[in-house]
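What follows is a set of notes on a single structure, which appears directly below.
Quick note: the coordinates plus some simple rules give every number you see, no bench work behind them. Only a predicted model underlies this, so the values are computations on that prediction, with no experimental measurement involved. Reconstructed Cβ throughout: ideal geometry from the backbone, glycine too, with neighbour counts over all protein chains shown.
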């Protein structure tokens with residue numbers, strides 16, 4: 001890669017780190033938010049669901065609307081909106097204002113991620129595309145390693161509002177870096193609404209979209225309520241909660257590396273079995289949670305699997321768009337993060353139902369069932385790929 005491409009890649013990595021920290025730090029502060037605003041844990045957990053739903057709905061709509069604009073000024077403007085959203089969160093004194101600010105931040109986050117992927121795909125050669133995309137996705141992983149634990153610590157030390165002053169400062173740093181590294185010559189691409197809708201309604205895209213949604217949903221059934229699980233079920237002392245999130249983040253780095261290797265060669269075929277392993281790990285937490293050591297081992301294994309889907313699914317969506325809707329590639333580049341956030345919404349909402357009507361630890365085996373569903377859909381998609389390949393050879 002050239003020096004400019006390396007700078008761009010590092011900036012997009014920083015951007016996803018900042019976006020990931022802002023999105024996920026709330027998970028480590030649910031107890032503080034619920035106590036401060038006098039709401040239940042499940043109501044505080046709804047902030048995760050609302051963010052994910054807003055992300056999932058807003059991202060494809062606004063990505064399609066904004067796709068005609070030049071990417072440099074558009075990205076800088078959206079980073080500005082992201083900063084404003086975090087500042088509103090930082091000064092929120094009511095649940096309603098907090099909810100509103102998270103919706104604004106979610107939409108800006110979603111479009112920024114899709115633009116980052118599109119910029120990376122256009123600015124580097126095809127042989128470097130997979131590597132660069134995996135590095136950009138690694139920003140979310142490092143957010144789990146550094147940003148979320150640090151934000152959780154700041155929030156527990158100075159109040160949860162302080163954590164979002166922290167993410168606002170990170171946003172400002174990303175704005176400065178982006179202004180210096182994003183290429184100014186990347187024009188928008190005009191695509192008809194019919195083609196945009198065609199991509200979203202294509203059967204292959206729909207099946208592919210549900211795969212990461214179910215896999216992430218399986219994890220977030222547990223992860224959204226990880227803090228109360230650690231406190232009330234596994235009996236981890238409060239002062240060590242941020243260290244557990246750090247452990248989770250460190251292990252998830254290896255998940256990203258594994259995901260990059262899976263994507264290098266027929267990743268969809270391998271994910272069929274990865275999701276079955278994920279199901280077994282999630283279910284294991286039900287049995288291991290009666291001890292701190294056993295519980296932490298299960299949580300670490302959950303982290304080891306969580307990001308294995310990212311690189312494979314990002315390239316898969318782009319390849320499907322190449323085959324069926326080439327002019328809608330910007331929209332296709334948004335589908336992995338949108339699907340992930342649909343999964344977060346599914347998992348956090350389902351986890352809320354479980355924590356309200358069942359035992360807290362039941363989130364583990366419920367998540368395992370969702371992971372099995374992800375495996376089944378991946379088998380379906382893989383078989384359709386094989387059929388398409390055979391048909392194309394016969395027609396040739």
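Taking label points 7 Å from Cα along the Cα-to-Cβ direction, residue 184 and residue 172 give a separation of 2.5 nm.
If you split all Cα-Cα distances of the stretch 286-396 into 10 Å bins from zero, what percentages do you get per bin, shortest first? Calculated over all Cα pairs of the stretch 286-396, the distribution is 11, 31, 30, 17, 8, 2 percent. Using the Stokes-Einstein relation with a Kirkwood hydrodynamic radius computed over Cα pairs, the translational diffusion coefficient of the chain at 4 °C and a viscosity of 1.567 mPa s comes to 62 µm²/s.
The three principal axes of the C-alpha atoms in the stretch 261-337 carry coordinate ranges of 53, 21, 17 Å, sorted with the longest axis first. A Gaussian network model of the chain, with springs between Cα atoms under 10 Å, assigns the largest mean-square fluctuation among 308, 221, 131 to 131.
Inter-label distance, residue 291 to residue 6: 4.8 nm, where each label sits 7 Å from its Cα along the C-beta direction. Under the rule a/c < 1.5 gives rounded, and otherwise a/b versus b/c splits prolate from oblate, where does the stretch 73-182 land using the Cα gyration tensor? The shape class here is prolate. Of interest is the spacing of the C-alpha centroids, which for the stretch 312-367 and the stretch 12-88 amounts to 16 Å. Projecting label points 7 angstrom from Cα along Cα→Cβ for residue 243 and residue 277 puts them 2.8 nm apart.
Given in Å, the Rg to one decimal and the Dmax to the nearest whole number for the Cα atoms of the stretch 217-294 are 14.6, 43.
Result for the chain in a Gaussian network model with C-alpha springs under 10 Å: among 239, 278, 314, the largest mean-square fluctuation is at 239.
Using only C-alpha atoms and all pairs of different ones, pull out the Kirkwood radius for the stretch 146-270 in Å with one decimal.
Taking every pair of different Cα atoms in the stretch 146-270, averaging 1/r and inverting gives 18.9 Å.
Segment residue 261..residue 383, full-extension length gain: 41.8 nm, with 0.36 nm per residue of separation and the alpha-carbon distance subtracted. Each helix, a run of at least 4 DSSP H residues, gives -39500 (n - 2.57); summed and divided by the residues of the chain, these come to -28000 deg cm²/dmol at 222 nm.
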